[in-house]
Amino acid sequence: MQHSWIGGDLKFSYCTEHDLPDISRMLSKESVCRWLFFGPNTEEATRAYFLPLIEEMRTALREGRTPDHHVFTVRLEGTGDFVGQCALFPVDFSPGSFLIGYQLDDVYWKKGYGTQTCCFLVYFAFTVLDGYRLNGDTVAGNTASRRVMERCGFVLEGTQRRYWHAADGYHDRMIFGLLKSDLAPERLSALEKAFTG
């Protein structure tokens, strides 16, 4: 199975242990974790979360199997500079349905990389994995994340009131969904072309 993909000026690669210092640095920032229900994290907490996922992916790829989880590091294709990370997690008892996640380092905000990253997850889930549904969520106040999902075709499906509790109080959870059947064949074709050349 392929281990990395290029789209625009970004390279998406299955996460390895070598990526953890960059991910840990990003997830230790207050700015990056402002709208997350976790963090800022210590390096130990980040490693404890990611290492089992990395090991599962490494073992599956070594054996020629599709991993259960898909966690990618996002870097600038030309320089290799770290931009962020993104992931697809399977939804229990619903093969072909995935939860998306993405975090970008704050120095790369407002450059269109969030939308590129989300589009990569849409491409990967529907084209590489032949999934049928993507699920996303964000804190009600996180308009940037909401816009990213909407630009990629996600629609708001509901709100769970006071779902998360963070340091500054309770937050509503906005739930988004995207079905493969929502996307016109030419849109899927364009995504495939964007990430496969």
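The values are calculated or read from the model by the stated rules, or taken from the named source; none is laboratory data. Model, not experiment: these values are computed from the prediction. Every residue, glycine as well, gets a Cβ built from its backbone with ideal geometry; the counts of neighbours run over all protein chains shown. SASA here: full protein model, heavy atoms, side chains in, ligands and nucleic acids out. Shrake-Rupley method; radii C 1.70, N 1.55, O 1.52, S 1.80 Å.
Numbers below:
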{"quantity": "Failed item, numbered, when residue 19 is tested on (1) open to solvent by 50 Å² or more (accessible area, probe 1.4 Å); (2) out of contact with any helix residue (DSSP H, G or I) (no Cβ under 8 Å at 6 or more places or on another chain); (3) touching a residue at least 12 places away in the same chain (Cβ under 8 Å); (4) not aliphatic (A, V, I, L, M)", "calculated": "(1)"}
{"quantity": "Count of segment 72-81 residues which are open to solvent by 10 Å² or more (accessible area, probe 1.4 Å) and out of contact with any Leu (no Cβ under 8 Å at 6 or more places or on another chain)", "calculated": "4"}
{"quantity": "Selection within segment 105-124 - touching a helix residue (DSSP H, G or I) at 6+ places or on another chain (Cβ under 9 Å) and without any contact (Cβ under 8 Å) to a residue 40 or more places away in the chain", "calculated": "108, 109, 110, 114, 115, 118"}
{"quantity": "Matching entry among 144, 140, 125 (being of a type outside the set (Val, Ile, Thr) and either more than 15 Å from the chain's Cα centre (by Cα) or over 28 Å from residue 75 (Cβ atoms) (or both))", "calculated": "140"}
{"quantity": "Matching residues in segment 42-71 - criterion: being open to solvent by 40 Å² or more (accessible area, probe 1.4 Å) and outside any helix (DSSP H, G or I)", "calculated": "42, 63, 64, 65, 66, 68, 69"}
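So that you can scan it fast, the table gives a plain yes or no per residue for (1) of a type in the set (S, T, N, Q); (2) closer than 30 Å to residue 18 by Cβ; (3) in contact with a Ser or Thr (Cβ under 8 Å, 6 or more places away or on another chain):
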| residue | (1), (2), (3) |
| --- | --- |
| 77 | no, yes, no |
| 105 | no, yes, no |
| 121 | no, yes, no |
| 132 | no, no, yes |
| 149 | no, yes, yes |
| 158 | no, no, no |
| 166 | no, no, no |
